[in-house]
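J.: Got a structure for you, written out below as structure tokens; questions coming shortly.
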Amino acid sequence: MQHLLEVKDLSVEFALRTGALRAVRNVSFTLNKGERLGLVGESGAGKSVTGFSIIKLISQPGYISGGSILFEGKDLAKMSSEGIRNIRGNRISMIFQDPMMTLNPVLTIGTQMTETVLAHMDVSYKEAEKIALEKLKKVYIPSPRKRLAQYPHEFSGGMRQRIVIAISLLTEPSLIIADEPTTALDVTIQAEIMDLLLELCQTDDMGLILITHDLAVVSEVTERIAVMYAGSIVETGLTSEVTMNPAHPYTKGLIAALPQSGGAGDRLTQIPGAMPSLINMPSGCPFHSRCTICTDICKVEVPQLEANKSGTLVACHHADK
Amino acid sequence: MQTDSLVEVKNLVKHFDISGGLLDQLTMENGRITRRHTIVQAVNNISFAIKKGETLSVVGESGCGKSTLARTVMGLYPPNSGEVHYGGERIDQLSSKQMLPFRTKMQMVFQDPYASLNPRMTVRQIVEEPIYFHNKGITRGDAKDRLHKVMRSVGMDPEWANNYPHEFSGGQRQRISIARALAVDPEFIVADEPIAALDVSIQAQVLNLLMDAQEERNLTYLFISHDLSVVEHISTRVAVMYLGCLCELAPAKELFSSPRHPYTQALLSAIPTVGGKRKKHIHLSGDVPTPINLPAGCVFNGRCPHANDRCRMEIPQSMKVGSEGLVVCHAVEEGRI
């Protein structure tokens with residue numbers, strides 16, 4: 001079966017005065033039609049850059065330095081900027097973190113929605129408005145016709161994010177990339193937005209790449225997960241498997257660091273130190289300086305992703321094979 | 001008054017007038033010019049007491065007034081009405097000079113360690129400033145000793161004292177702001193979202209540090225957060241706020257195992273859990289109303305699944321439940337839920 005998206009050995013570099021900063025290092029993953037993948041990691045792990053580079057939103061001084069991005073059989077990494085414009089915002093949509101920043105404050109919601117439809121589809125203004133209305137209904141905006149004439153500031157944070165989602169649905173994409181879609185929102189609103197995304201993926205058979213730092217959100221919404229650390233994927237597999245039986249010491253540490261109910265007042269398990277700077281990457285495994293089971297080999301050799309017995313791919317010299 | 005409570009807040013009200021200048025306040029109504037004030041009712045009639053050595057957490061969504069509450073308790077904002085007592089003395093009406101002895105006992109840790117540390121000061125200057133300010137005539141040697149002691153206690157090498165904040169990571173910066181708060185040996189610390197700006201693996205380090213410091217120094221915390229799983233982990237008691245009003249206050253265990261107020265129930269059902277299947281969360285209809293025009297009756301009535309006519313008319317009063325819990329809800333009082 002052909003994958004909807006196949007990212008192979010993707011590397012992204014930023015040309016800085018001090019040298020090339022490799023933000024994404026040989027990242028590979030696949031996504032099937034209608035599948036939901038979570039990309040998890042701390043700030044600076046390269047998860048957003050990975051997401052952005054899929055639709056080539058990396059601007060100077062950043063560039064894709066290697067690898068391929070096969071989407072519906074075409075390699076996006078080698079595509080011209082005209083070619084990518086037919087895909088970006090059309091076949092692949094993106095949802096960003098802060099809906100107030102994504103929406104144009106001086107245009108009405110209706111203008112912003114019809115603009116997108118007219119840019120990608122050969123329809124009349126009337127029809128474009130009809131599509132916009134239909135999508136607003138789909139994301140449960142009450143009295144959508146009235147809302148079309150309103151400006152972003154007249155909506156609450158959660159409603160704004162619903163509108164951003166509605167805009168991303170206009171062209172009926174087969175893949176949505178959501179970069180921290182609920183980080184700026186409250187927990188009750190977050191739950192609603194996640195329910196909505198989940199429902200849309202299931203009814204429309206849409207693929208979803210959910211980029212977030214929140215393991216709990218990922219574990220509830222996605223089917224597969226990829227944990228990133230310092231630009232590489234360190235563990236990837238079924239979400240249920242990775243969250244219940246993490247194999248990489250970093251994933252183990254991340255999950256142990258979350259406050260669990262029942263252990264009130266106990267000290268949390270902490271990962272010592274901080275993520276290394278991407279300019280000064282240590283030799284060998286990028287995690288070795290913070291790892292509790294580090295040995296000599298970890299300091300010299302970069303571990304590769306290998307499958308363990310439950311099918312999870314782990315990049316660690318000491319993970320159970 | 002109870003002797004074991006360190007901080008006591010009584011009927012605290014804090015409103016902000018955001019009507020602007022005179023011209024902004026004037027509006028035409030029925031052919032007449034009228035002057036109108038726009039008031040944000042950030043904190044409305046809140047009472048609670050914090051016991052010595054406990055951690056009282058305040059949770060709620062953004063805009064519910066939890067930070068305003070913290071700042072009013074600290075004396076950074078004067079309250080419109082109500083009282084704040086510290087160790088039995090009323091402090092909300094003191095002049096800044098009279099407030100000085102209390103300032104060494106009450107310290108604050110802010111949310112964003114990137115914004116709360118002066119980028120032009122070294123760690124030494126940042127941490128020593130409150131030491132010199134509150135100990136007039138302290139010698140440089142003594143101040144240095146205290147600096148080194150407090151830096152070691154937050155897990156930082158005193159060697160780093162001459163570096164600037166930008167040379168540190170987010171977690172280390174938050175350690176510096178905790179060191180600054182601890183430098184004057186306070187009894188009471190208000191932590192306003194101290195870990196919200198940090199990564200998960202760093203959050204654990206800072207939370208552990210806060211818990212260690214509490215154990216060693218017998219500190220009392222007022223902990224403001226929107227992260228419910230963190231709050232469950234570190235608090236003795238938890239207060240839930242909605243739109244400037246207190247909904248429920250209960251020991252952490254009790255609140256998380258059997259929430260009583262319908263808002264608390266909805267809030268808790270929305271927490272995602274690792275490895276958990278997506279559970280059915282209680283859907284709240286509508287949005288949070290603005291604190292400029294508070295709804296009549298219970299502030300939660302517009303979104304509450306249990307609201308009836310009484311909830312829309314009458315403001316509920318707080319009612320004792322369980323061992324030491326408080327809940328402000330007509331439905332609970334009447335036994336409807």
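J.: Relative to a virtual label point 7 Å from the Cα of B:Y132 in the Cα→beta-carbon direction, which members of region B:87-112 show backbone nitrogen distances below 16 Å?
T.: Within reach of a label on B:Y132, which here means backbone N under 16 Å from a point 7 Å along Cα→Cβ, region B:87-112 contributes nothing.
J.: Compute the helix-to-body angle for B:170-182: its Cα long axis versus the longest principal axis of chain B, expressed 0 to 90° and rounded to tens.
T.: Relative to chain B, helix B:170-182 is tipped by roughly 80 degrees.
J.: Turning to a different aspect of this structure: What's log10 of I(q)/I(0) for the protein assembly as shown at q = 0.05, 0.10 Å⁻¹, Debye sum over Cα points only, no solvent?
T.: For the protein assembly as shown at q = 0.05, 0.10 Å⁻¹, log10 I(q)/I(0) is -0.26, -1.07.
J.: For A:V117, A:V227, B:V9, what's the fewest-to-most ordering of other Cβ within 10 Å of each Cβ?
T.: Details: A:V117 20, A:V227 28, B:V9 23.
Taking fewest neighbouring Cβ atoms as first place, the list is A:V117, B:V9, A:V227.
J.: Once the convex hull of the C-alpha atoms of chain B is built, how many Å³ does it hold per residue, rounded to a whole number?
T.: 174
J.: Moving on. Enter the angle in degrees (range 0 to 90, nearest 10) between the Cα long axis of helix A:125-138 and the first principal axis of the Cα atoms of chain A, meaning the one along which they spread out most.
T.: For A:125-138 against chain A, the angle is about 50 degrees.
J.: Here's something else I'd like to know. Please work out whether region A:1-112 counts as rounded, prolate or oblate from its C-alpha gyration tensor, where a ≥ b ≥ c are the square roots of the eigenvalues and a/c under 1.5 means rounded, while otherwise a/b larger than b/c means prolate and anything else oblate?
T.: In terms of gyration-tensor shape, oblate.
J.: Quick one: net charge of A:N245's neighbours, Cβ under 12 Å, K/R +1, D/E -1?
T.: -1
J.: To make sure I understand, if each residue's beta carbon is the centre and we count other beta carbons within 10 Å, what order do A:K135, B:K253, A:K126 fall in, fewest to most?
T.: A:K126, B:K253, A:K135
J.: How big is the gap, in Å, between the Cα center of region A:52-93 and the Cα center of region B:24-92?
T.: Comparing the Cα centres of region A:52-93 and region B:24-92, I get a distance of 51 Å.
J.: Of the listed pairs A:K8/A:K33; A:K252/B:K66; A:K33/A:K252; B:K51/B:K97, which have alpha-carbon separations greater than 23 Å here?
T.: Going by Cα-Cα distance, A:K252/B:K66; A:K33/A:K252; B:K51/B:K97 fall outside the 23 Å limit.
J.: Something else: Straight-line reach only, C-alpha to C-alpha below 19 angstrom: list the aspartates and glutamates that A:K56 could link to, leaving out same-chain residues fewer than 8 apart.
T.: A:E6, A:D9, A:E13, A:E72, A:D75, A:E82, A:D179, A:E180
J.: How far is helix A:109-120 tilted, in degrees, relative to the longest principal axis of the Cα atoms in chain A, given as a value from 0 to 90 rounded to the nearest 10?
T.: It is inclined by approximately 80 degrees.
J.: Take every Cα-Cα distance within region B:104-235, group them into 5 Å bins from 0 onward, and report for each bin the whole-number percent of pairs it holds.
T.: Histogram of Cα-Cα distances, whole percents per bin: 2, 11, 22, 24, 21, 12, 5, 2, 0.
J.: When you look at the Cβ of every residue in A:271-279, what mean number of other chain Cβ atoms sits within 10 Å? Numbers along the way, then the final one.
T.: Details: counts 6, 3, 5, 9, 4, 0, 1, 0, 0.
Counting Cβ atoms of other protein chains within 10 Å of each residue's Cβ and averaging gives 3.
J.: Once Rh is set to the Kirkwood radius over Cα pairs, what Stokes-Einstein translational diffusion coefficient, in µm²/s, holds for chain A at a temperature of 25 °C and a viscosity of 0.890 mPa s?
T.: Answer from the Stokes-Einstein relation: 118 µm²/s.
J.: Past the 26 Å Cα-Cα mark, which pairs from B:K14/B:K320; A:K74/A:K309; B:K253/B:K320?
T.: From the list (B:K14/B:K320; A:K74/A:K309; B:K253/B:K320), the Cα-Cα distance tops 26 Å for A:K74/A:K309.
J.: Right, another one. Taking square-rooted eigenvalues a ≥ b ≥ c of the alpha carbon gyration tensor, is region B:193-337 rounded, prolate or oblate, where a/c under 1.5 means rounded and, failing that, a/b exceeding b/c means prolate?
T.: Prolate.
J.: Quick check on region A:226-282: take the gyration tensor over C-alpha atoms, sort the square-rooted eigenvalues as a ≥ b ≥ c, and tell me if it's rounded (a/c under 1.5), prolate or oblate.
T.: oblate
J.: Under a cut-off of 13 Å between alpha-carbon atoms, report the aspartates and glutamates in cross-link reach of A:K135, not counting same-chain residues fewer than 8 places apart.
T.: A:E127, A:E172, A:D204
J.: Measuring from label point to label point, each 7 Å out along Cα→Cβ, what is the B:A296 to B:D309 span in nm?
T.: 1.3
J.: Also: Just tell me which lysines come within less than 18 Å, Cα to Cα, of A:K130; anything on the same chain fewer than 8 places away is out.
T.: A:K138, A:K146
J.: Please give me the summed charge of the neighbours of B:I195: other residues whose Cβ is under 13 Å from its Cβ, Lys and Arg +1, Asp and Glu -1.
T.: On the way: positive: B:R173, B:R175; negative: B:D112, B:D192, B:E193, B:D199, B:D227.
Around B:I195, the surrounding residues sum to -3.
J.: Follow-up question, since we're still on this one. In region A:80-182, what chymotrypsin sites (Phe, Trp or Tyr not before Pro) fall in a loop by DSSP, with at most 15 other Cβ atoms inside 10 Å? Each step should come with its number before you reach the end.
T.: Working: sites: A:F96, A:Y125, A:Y140, A:F155; in loops: A:F96, A:Y140, A:F155.
Those that pass, being in a loop and sparsely packed, are A:Y140.
J.: Would you list A:L148, B:L76 from fewest to most Cβ contacts within 10 Å?
T.: Arranged by neighbour count, lowest to highest, A:L148, B:L76 become B:L76, A:L148.
Just so you know, all these numbers are worked out from the coordinates, no wet-lab data involved. Model, not experiment: these values are computed from the prediction. Every residue, glycine among them, receives a Cβ derived from its backbone with ideal geometry; neighbour counts consider all protein chains shown.
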